[in-house]
Amino acid sequence: MLLTAIVAVMWFLEAINSIDHDSLDTAAGIMPRNAGHVWAIFTAPFLHVSWTHLIDNTIPFVFMGVIIALWGAGRLALVTLIVIVVGGFGTWLVAPADTNTVGASGIVFGYATYLFARGVFNRSVVEILIGIVVAVVWGGALLASVQPHHGVSWQGHVCGAIGGLVAAWLLARPRTSAGPKSGTGKPADSDPLSRALAS
């Protein structure tokens with residue numbers, strides 16, 4: 001339901017954008033190093049420059065979002081928030097001056113690197129295999145998107161990918177048995193950040 005709601009917001013905003021001559025992109029996109037506009041890191045991922053741009057992002061966003069959501073809505077929300085903050089702030093810092101960055105592709109890259117890295121951090125064969133599947137399906141397209149292209153923010157893609165790695169590290173399961181225990185006496189299958197938010 002959370003994933004559906006996020007996609008619905010993106011499509012609703014693009015409908016408004018289309019009617020209003022893309023004014024939302026100008027008003028709420030990431031403007032590098034503009035201190036008074038840094039809040040746009042939270043709005044830019046939900047805006048797109050065209051329906052084609054939105055569709056191109058929606059397909060991998062849903063594909064990878066569904067996989068992350070298998071671990072619960074809370075996990076999906078945390079990964080998305082971390083990627084938005086890290087990726088958005090990174091884009092705000094390093095993107096060229098006088099540019100305006102919008103689109104969910106930064107989140108897509110963050111989801112991808114999260115799925116690639118979580119199996120390594122968790123030492124889970126199953127999760128590593130999931131990362132391999134994602135790499136096989138989307139790896140080529142993602143790598144092509146980090147190459148400089150006119151009108152494409154490769155900086156947003158790279159920073160989003162870094163956000164995914166940060167999310168995988170922050171949300172990794174504890175590796176020692178000295179941590180909190182579950183009712184079965186085994187280490188609780190949750191990360192420190194999730195436990196803190198749940199308390």
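The values are calculated or read from the model by the stated rules, or taken from the named source; none is laboratory data. All values derive from a computational prediction rather than experimental measurement. As a convention, Cβ positions derive from the backbone with ideal geometry for all residues, glycine included, and neighbour counts pool all protein chains shown.
Among the residues of segment 68-83, the ones that are over 17 Å from ALA8 (Cβ atoms) and either within 13 Å of the chain's Cα centre (by Cα) or of a type in the set (Ser, Thr, Tyr) (or both) come to 7 in all.
Residues that are in contact with a Phe, Trp or Tyr (Cβ under 6 Å, 6 or more places away or on another chain), modelled with pLDDT of 95 or more and part of a helix (DSSP H, G or I) occur in segment 69-86; there is at least one. Hey, does segment 43-51 have a residue that's part of a helix (DSSP H, G or I), modelled with pLDDT of 95 or more and β-branched (Val, Ile, Thr)? No, that holds for no residue.
Considering only segment 7-42, state which residues are acidic (Asp, Glu), buried (at least 18 other Cβ atoms within 10 Å of the Cβ) and not in a helix (DSSP H, G or I). Scanning segment 7-42 gives a single hit, ASP22.
Let's see how each residue does on (1) polar (S, T, N, Q); (2) within 24 Å of TRP138 (Cα to Cα):
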site: ALA8; (1), (2): no, yes
site: GLU14; (1), (2): no, no
site: ASN17; (1), (2): yes, no
site: MET31; (1), (2): no, no
site: ALA35; (1), (2): no, no
site: VAL38; (1), (2): no, no
site: PRO60; (1), (2): no, yes
